[in-house]
1. Rounded to whole Å and ordered largest first, report the semi-axes of the equivalent ellipsoid of the chain derived from its Cα gyration tensor (root of 5λ).
2. Which number gives the lysine pairs in the chain that have C-alpha atoms under 21 Å apart and are eight or more places apart or on different chains?
3. State to the nearest 20 debye the size of the charge dipole of the chain about its Cα centre, where the only charges are +1 on K and R beta carbons and -1 on D and E beta carbons.
4. Hydropathy first: keep DSSP H helices in the chain averaging at least 0.5 on Kyte-Doolittle, then drop any whose Cα extent along the axis falls short of 24 Å, and list what survives.
5. Ranking 92, 24, 141 by Cβ neighbours within 10 Å, fewest first, what do you get?
6. Could you work out the relative contact order of segment 9-216, using alpha carbon pairs under 8 angstrom and six or more residues apart, expressed as a whole percent?
7. Using just the helices of the chain, give the 222 nm mean residue ellipticity in deg cm²/dmol: DSSP H runs with n ≥ 4 each add -39,500 (n - 2.57), and the total is spread over all residues, rounded to 500.
8. Just subtract the alpha-carbon distance of residue 98 and residue 33 from 0.36 nm times their residue separation and send over the number in nm, one decimal.
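What follows is calculated from the coordinates using simple rules that are stated; it is not laboratory data. Computed from a predicted structure; not experimentally measured. Quick reminder, even Gly has a Cβ in these numbers, built from the backbone with ideal geometry, and neighbours come from all protein chains shown.
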Amino acid sequence: MDLSGFPNLHLLTDIFPNQVKGLMTIIRDRETDRDRFIFYADRLIRLLVERSLEFLPVAPESVVTPTDATYAGARFLGQICAVSVLRAGESMEMAVRDVCGKVRLGKILIQRDEETAEPHLYYSKLPPDISDRWVLLLDPMLATGGSIIKAIEIIKEKGVPEERIIFVNLVSALFGLNRVFSRFPQIRIVTAEVDPELNDRCYIVPGLGDFGDRYFGTER
Ligand code: PRP
Ligand code: URA
């Protein structure tokens, strides 16, 4: 798949090709039970969050080590917050808390209509100082792009510039990527893998089914 037209797309497979393939094979398998799905999805999500933090600005900072030598290091600049797109984005919150301690967390509840796949916004609560922060936007699935476009619109309306939004995602469909980047060219997307198609119900193919249902145990 030619992804060279997306300079702000960052693939986890570029860094951990074998790990990502192995973990993805487990969570994409329809025979994988819920406990294993959660365990291996969580591992991938942790890697995605770590990869995303790489885009935060840093400044040089030196420390003296126990050998009395100087280590020329770095410290993070800029404040962050996370915004999860509920419900599935909630599954990514713990990984952010694990690495960013008392991080501020906003929530946007958007649900796709099961028949039309149109996104509906039900609720949104964001940190009041979000415009001063970098935003890790959390949603594991990008299919048509409708849900995340709505979420990005809400965050931009609060004054966050596009280039300070990092969308942390597990599986992207090519269709959704095209839509998001043509609307918001400055946003960064960090994802594990890109899938080629959507089916007639707007599910990602090959995909992994309904992430929220598999993670939270609500499959019919
Ligand atoms: C899923 C997923 C995204 C959206 C992706 O959520 O978590 O938010 O669909 O599809 P799109 O790109 O076509 O908008 P869903 O609305 O199914 O709710 P859930 O989080 O409760 O599973
Ligand atoms: N939401 C999901 O959870 N999976 C898809 O394939 C599409 C939307």
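1. Working: eigenvalues 169, 89, 58 Å².
Listed largest to smallest, the semi-axes of the chain are 29, 21, 17 Å.
2. 9
3. Working: 27 positive and 32 negative charges, 94 e Å.
The calculated dipole for the chain is roughly 460 debye.
4. Details: long enough: 34-53 (28 Å, 0.03).
Membrane-span-like by this rule: not one helix.
5. Values: 92 28, 24 21, 141 24.
Arranged by neighbour count, lowest to highest, 92, 24, 141 become 24, 141, 92.
6. Working: 386 pairs, mean separation 44.7, N = 208.
Once divided by the residue count of segment 9-216, the mean separation gives 21 percent.
7. Numbers: 6 runs with 68 residues, N = 220.
About -9500 deg cm²/dmol.
8. Working: separation 65, 0.36 × 65 = 23.40 nm, distance 2.47 nm.
Contour length minus Cα-Cα distance gives 20.9 nm.
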